[in-house]
Amino acid sequence: MKKIALFAGSFDPFTRGHEAVVEEALRLFDEVVVAVGENVSKHALLSVEQRCRLIEDVYRNEERVRVASYSTLTGDFAREVGATALVRGVRNTVDFEFERTIEITNRRLFPELTTVLLATPTEYMHISSSVVRELLAFGRSVDDYLPQNIKIENYIK
């Protein structure tokens, strides 16, 4: 049976840290579904469609990565795509505490799903989508924070 993991987030935008988590997940699973969720509580830089297109461009040559968007509970979407694991990246103890709380809730609602916490590599620990958005707001380059060959201006309308 194919081992499918779901890596869900807002990915606004998808960063080198996210990319590192996907690469590690591909070592553990046969397929990784990168799922872009709509977070109505955040002011988005990119539309869901733009975020999906950016991630698809990063993985255009990797057949084991699928990109999708969703607007349901993450666990419900995991069931829909046949995932047995939820992959989450953690940069620090604050991330760990947040993800642990979500894991407890998901375990109660979706006991068949396993949450796998993957540590972000040290060189990307300082990168977050919110930092990228702030740098962009002040007209700074974010090339070092995004996957190679991704130019954010190609996705912003």
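Quick notes on this structure:
- L117 vs. criteria within 20 Å of L28 (Cα to Cα) and either open to solvent by less than 50 Å² (accessible area, probe 1.4 Å) or under 16 Å from the mean Cα position of the chain (by Cα) (or both): yes
- Selected residue [out of contact with any Asp or Glu (no Cβ under 7 Å at 6 or more places or on another chain), buried (at least 17 other Cβ atoms within 10 Å of the Cβ) and either among the β-branched types (V, I, T) or assigned to a helix (DSSP H, G or I) (or both)] from I156, I127, I150: I127
- Residues within the range 27-46 that are outside any strand (DSSP E or B) and closer than 27 Å to E112 by Cβ, tallied: 6
- Filter result for the condition that a residue is open to solvent by 10 Å² or more (accessible area, probe 1.4 Å), closer than 26 Å to D143 by Cβ and either part of a loop (DSSP other than H, G, I, E, B) or at pLDDT below 95 (or both), over E62, E56, E24: E62
- Taking the listed residues E134, E112, E80, E49, the one that is of a type outside the set (A, V, I, L, M), out of contact with any strand residue (DSSP E or B) (no Cβ under 7 Å at 6 or more places or on another chain), in a loop (DSSP other than H, G, I, E, B) and open to solvent by 60 Å² or more (accessible area, probe 1.4 Å) is E112, with no other qualifying.
- Residues of the range 142-151 include none that is more than 14 Å from G17 (Cβ to Cβ), modelled with pLDDT of 95 or more and under 17 Å from the mean Cα position of the chain (by Cα).
- Residue in the range 1-18 that is assigned to a helix (DSSP H, G or I) and charged (D, E, K, R) present: yes
The values are calculated or read from the model by the stated rules, or taken from the named source; none is laboratory data. Values in this document were obtained by computation on a predicted structure and should not be read as measured data. For neighbour counting, all protein chains shown are included, and Cβ atoms are generated from backbone atoms with ideal geometry for every residue, glycine included. Calculation scope for accessible area: heavy atoms of the full protein, side chains included, ligands and nucleic acids excluded. Shrake-Rupley method; radii C 1.70, N 1.55, O 1.52, S 1.80 Å.
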